[in-house]
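The values are calculated or read from the model by the stated rules, or taken from the named source; none is laboratory data. Only a predicted model underlies this, so the values are computations on that prediction, with no experimental measurement involved. Virtual Cβ from ideal backbone geometry, glycine too; neighbours counted across all protein chains shown.
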Amino acid sequence: MKKREIDCNKLTQMYMSGATHKEICVEFDISIDTLRKRIKQLDLPRRRELLSLDIEEFRAAYYSGLSSYKLSEKFGICRSTVTHIVKELKLRESMNALHRMEYYAEI
């Protein structure tokens, strides 16, 4: 597949000025994957903000039974980040253990 010609200076300028990925993709008529490759090729810095999240509040919300959709709304993060946090904190494993304990307590 032929590599699409993109004005790298304009892409860099848009990226560094804070344009969203979606805005850049629309401007250059490229996919998000192509944009990510170009960002990497141009060695542009990541713009991801550090996540400041109250872990205990997140844990309590998760154990209260909120769906990943509701958790993402409550904490202002995307659902894939919710999944990542749940995995990182091993909350799913803890939840399964909690259900097993409840089950055996009923017997």
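Points worth noting:
- Residue check for Ile24: surrounded by 13 or more Cβ atoms within 10 Å (Cβ to Cβ) and assigned to a loop (DSSP other than H, G, I, E, B): no
For (1) modelled with pLDDT of 90 or more; (2) over 19 Å from the mean Cα position of the chain (by Cα), each residue gets a yes or a no:
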site: Leu11; (1), (2): yes, yes
site: Arg38; (1), (2): yes, yes
site: Arg46; (1), (2): no, no
site: Tyr62; (1), (2): yes, no
site: Thr81; (1), (2): no, no
site: Met95; (1), (2): no, yes
site: His99; (1), (2): no, yes
site: Glu102; (1), (2): no, yes
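- Filtered residues of the range 27-36 (kept if assigned to a helix (DSSP H, G or I), over 11 Å from Cys8 (Cα atoms) and more than 18 Å from the chain's Cα centre (by Cα)): Glu27, Thr34
- In the condition set (1) part of a helix (DSSP H, G or I); (2) closer than 24 Å to Leu91 by Cα, Ser52 is compliant with all but (1).
- Boolean, Thr81 is touching a Leu at 6+ places or on another chain (Cβ under 9 Å) and polar (S, T, N, Q): yes
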